[in-house]
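Engineer: Okay, handing you the structure first.
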Amino acid sequence: MKIAFVGKGGSGKTTLSSLFIRHLAANEAPVVAVDADINQHLGAALGLDEEQAGALPAMGAHLPLIKEYLRGSNPRIASAETMIKTTPPGTGSRLLKVREDNPVYEACARPVPLDDGVIRLMATGPFTESDLGVACYHSKVGAVELCLNHLVDGPDEYVVVDMTAGSDSFASGMFTRFDMTFLVAEPTRKGVSVYRQYKEYARDFGISLKVVGNKVQGEDDLDFLREEVGDDLLVTVGHSDWVRAMEKGRPPRFELLEAANRLALQALQDAAEDSYERRDWARYTRQMVHFHLKNAESWGNAKTGVDLAAQVDPAFVLGEHTPVPQPS
């Protein structure tokens, strides 16, 4: 399952995504975690120190390798240079699996040991001083979008993406790449404003969206969220001494997380599993193609000098049983 955590800056989405990842690892689920936020904090939330987090390879720096590997023997893609962030897979393309080893993971992923298992962590890379005034952060997450387009995951496998804050993810088609989007909202007007934006933007794309109320301190907070988001409110999370210790760099063992918060994390997993049963690979593929054609027309054709619409394989549908060509 592909899971996104979104929310306004400071809502706690990185903390909650890291707790969810720890929960999945405790339940022995294979996990690929991706830090796609402009502020790269997921590694630290998963227990990496500053040096370890800083040493994570930036996916954007390995984009040529990613493109060349995923292109495979797809005859519709003349060269890796003609691939853009939305290029969909077709016959001959190489696909990524959660449990496998491949050159993309070797270059871009690092194992992170947790109390109850090891997960793979990937990161877009931080917005650096050299990017100021000349680069858009959305260009950095292009490697993530391309990998998600080519990633086939099963019902007991998880790809968890900590997205950039606010509604910025709607600047690309990446918001349609997920089986479930968890929107972390505080019980404030600003906290639910991003929810309203997401709900409106996602309306026509069949996005499964659930709200996780964070920093909820009492019935008044709970009533506020219920009034503002209605049935989309899945669960709430309150104060956590475990999280406070984690933020100080001294987390207890994960099994000592408060029982109420562990139940909340299980509710997230249950909702994710329910959403997977509604997965429609044909619609997923159509949405991929839709955003690719939009990007091709608006800037991709001019940038690459080729007609990127020709990259679309009309007979191809991504799915769990799609043949995966292996490296020669």
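Engineer: For residue 119, list long-range residues whose amide hydrogen, built 1.01 Å from N in the peptide plane, is under 5 Å from its own amide hydrogen.
Structural biologist: 112, 114
Engineer: Pull up the DSSP beta bridges for the chain and report the antiparallel fraction as a percent, rounded to 5.
Structural biologist: On the way: 5 of 36 bridges.
Of those bridges, close to 15 percent are antiparallel.
Engineer: Between 305, 72, 249, find the one with the highest GNM mean-square fluctuation for the chain; connect C-alpha pairs within less than 10 Å.
Structural biologist: 305
Engineer: How big is the charge dipole of the stretch 196-328 about its Cα centre, in debye rounded to the nearest 20, if each Lys and Arg gets +1 on its Cβ and each Asp and Glu gets -1 on its Cβ? Mind showing how you got there, number by number?
Structural biologist: Values: 17 positive and 23 negative charges, 118 e Å.
Using only the charged Cβ atoms, the result is roughly 560 debye.
Engineer: Given axes a ≥ b ≥ c from the Cα gyration tensor, I'd like to know whether the stretch 247-310 is rounded (a/c under 1.5), prolate (a/b larger than b/c) or oblate.
Structural biologist: oblate
Engineer: Could you work out what % of the accessible surface of the chain is carbon and sulfur, using a 1.4 angstrom probe and leaving DNA, RNA and ligands out of the count? The partial results should precede the final answer.
Structural biologist: Details: 7360 of 14680 Å².
Using a 1.4 Å probe with all protein chains present, the chain comes out at 50 percent carbon and sulfur.
Engineer: Additional query: Tell me the net charge near residue 105. Cut-off is 13 Å between Cβ atoms, residue 105 excluded, with +1 for each Lys or Arg and -1 for each Asp or Glu.
Structural biologist: On the way: positive: 94, 97, 99, 110, 120; negative: 100, 101, 106.
That sum, taken over residues with Cβ under 13 Å, equals +2.
Engineer: For the chain, just the Cα atoms, rotate onto the principal axes and tell me the three extents in Å, largest first.
Structural biologist: Sorted largest first, the three principal extents are 58, 44, 39 Å.
Engineer: What percent of all Cα-Cα pairs in the stretch 223-272 falls in each 5 Å bin, counting up from 0?
Structural biologist: With a bin width of 5 Å, the distribution comes to 5, 18, 21, 19, 18, 11, 7, 1.
Engineer: What does the convex hull of the Cα atoms of the stretch 17-57 come to per residue, in Å³, rounded to a whole number? Intermediate values should be presented prior to the final figure.
Structural biologist: Numbers: hull volume 3.0 nm³, N = 41.
Cα-based convex hull of the stretch 17-57, divided per residue, equals 74 Å³.
Engineer: For residue 160, which sequence-distant residues (separation of 5 or more, or a different chain) have an amide H within less than 5 Å of its own amide H, given hydrogens modelled in the peptide plane?
Structural biologist: 3, 32, 33, 34
Engineer: For a bin width of 10 Å, list the pair-distance distribution of the stretch 14-129 built from all Cα-Cα distances, rounded to whole %.
Structural biologist: Pairs per bin, as whole percents: 13, 40, 31, 15, 1.
Engineer: Okay, moving on. Mind giving me the FRET efficiency for residue 203 and residue 315? R0 is 41 Å, r the Cβ-Cβ distance, nearest 0.05 is fine. List each step's numbers first, then the result.
Structural biologist: Values: r = 30 Å, r/R0 = 0.73.
With R0 = 41 Å, the Cβ-Cβ based efficiency is 0.85.
Engineer: In whole Å and largest first, what semi-axes does the C-alpha gyration tensor of the stretch 29-86 yield when each eigenvalue is scaled by 5 and square-rooted? Present the calculation step by step, with values, prior to reporting the outcome.
Structural biologist: Numbers: eigenvalues 181, 31, 19 Å².
With the √(5λ) rule applied to the stretch 29-86, the semi-axes are 30, 13, 10 Å.
Engineer: Between the helical axis of 13-26 and the dominant principal axis of the chain, each derived from Cα atoms, what acute angle in degrees is found, rounded to the nearest 10?
Structural biologist: Roughly 90 degrees between the two axes.
Engineer: At 7 Å along Cα-to-Cβ for each site, give me the label-to-label distance between residue 188 and residue 28 in nm.
Structural biologist: Here the answer is 4.3 nm between the modelled labels.
Engineer: Pairs of alpha-carbon atoms within less than 8 angstrom and 6+ residues apart define the contacts here; what relative contact order does the chain have, in percent?
Structural biologist: Details: 561 pairs, mean separation 88.2, N = 328.
The normalised contact order for the chain reaches 27 percent.
Engineer: According to a simple spin-label model (label point 7 Å from Cα along Cα-to-Cβ), what is the distance in nm between residue 39 and residue 232?
Structural biologist: Going by the 7 Å Cα→Cβ label model, 2.3 nm.
Engineer: Additional query: Past the 12 angstrom mark, what percentage of all C-alpha to C-alpha distances in the stretch 243-284 do you count? Could you put the intermediate results ahead of the total?
Structural biologist: Details: 604 of 861 pairs.
Of all Cα-Cα pairs in the stretch 243-284, 70 percent lie more than 12 Å apart.
Engineer: Measuring with a 1.4 Å probe in the full set of protein chains, what accessible area per residue, in whole Å², belongs to the stretch 1-97? Don't skip to the end; give the middle numbers.
Structural biologist: Working: 3320 Å² over 97 residues.
Accessible area per residue: 34 Å².
Engineer: To two decimal places, what compactness ratio does the stretch 151-245 give when its Cα radius of gyration is scaled by 2.2 N^0.38 Å?
Structural biologist: Values: Rg = 14.4 Å, N = 95, 2.2 N^0.38 = 12.4 Å.
Ratio of Cα Rg to 2.2 N^0.38 Å: 1.16.
Engineer: Per residue of the chain, what 222 nm ellipticity follows from adding -39500 (n - 2.57) for every DSSP H run with n ≥ 4, rounded to the nearest 500? It would help to have the intermediate numbers written out before the result.
Structural biologist: Details: 13 runs with 118 residues, N = 328.
It lands at -10000 deg cm²/dmol.
Engineer: Applying the Karplus parametrisation 6.51 cos²θ - 1.76 cosθ + 1.60 with θ = phi - 60° to the phi angles of the stretch 296-307, what ³J(HN,Hα) value in whole Hz is obtained for each residue in order, glycine and proline being reported as x?
Structural biologist: 4, 6, 7, 8, x, 4, 5, 6, 8, x, 10, 7
Engineer: Sticking with this structure for a sec: Assuming R0 = 30 Å, can you tell me the calculated FRET efficiency for the pair residue 217 and residue 50, based on Cβ-Cβ distance, to the nearest 0.05? Mind showing how you got there, number by number?
Structural biologist: Working: r = 31 Å, r/R0 = 1.04.
Once the sixth-power term is evaluated, E becomes 0.45.
Engineer: While we're here: For a quick check, take a GNM of the chain with Cα springs below 10 Å and name the residue from 45, 26, 315 with the largest mean-square fluctuation.
Structural biologist: Evaluated over the chain, the most mobile residue of the options is 315.
The values are calculated or read from the model by the stated rules, or taken from the named source; none is laboratory data. What you are looking at is a predicted structure, and each value in this text was computed from that prediction instead of being measured. Note: ideal-geometry Cβ built from the backbone for every residue, glycine included; neighbour counts use all protein chains shown. What goes into the accessible areas is simple: the full protein's heavy atoms, side chains included, and nothing from ligands, DNA or RNA. Shrake-Rupley method; radii C 1.70, N 1.55, O 1.52, S 1.80 Å.
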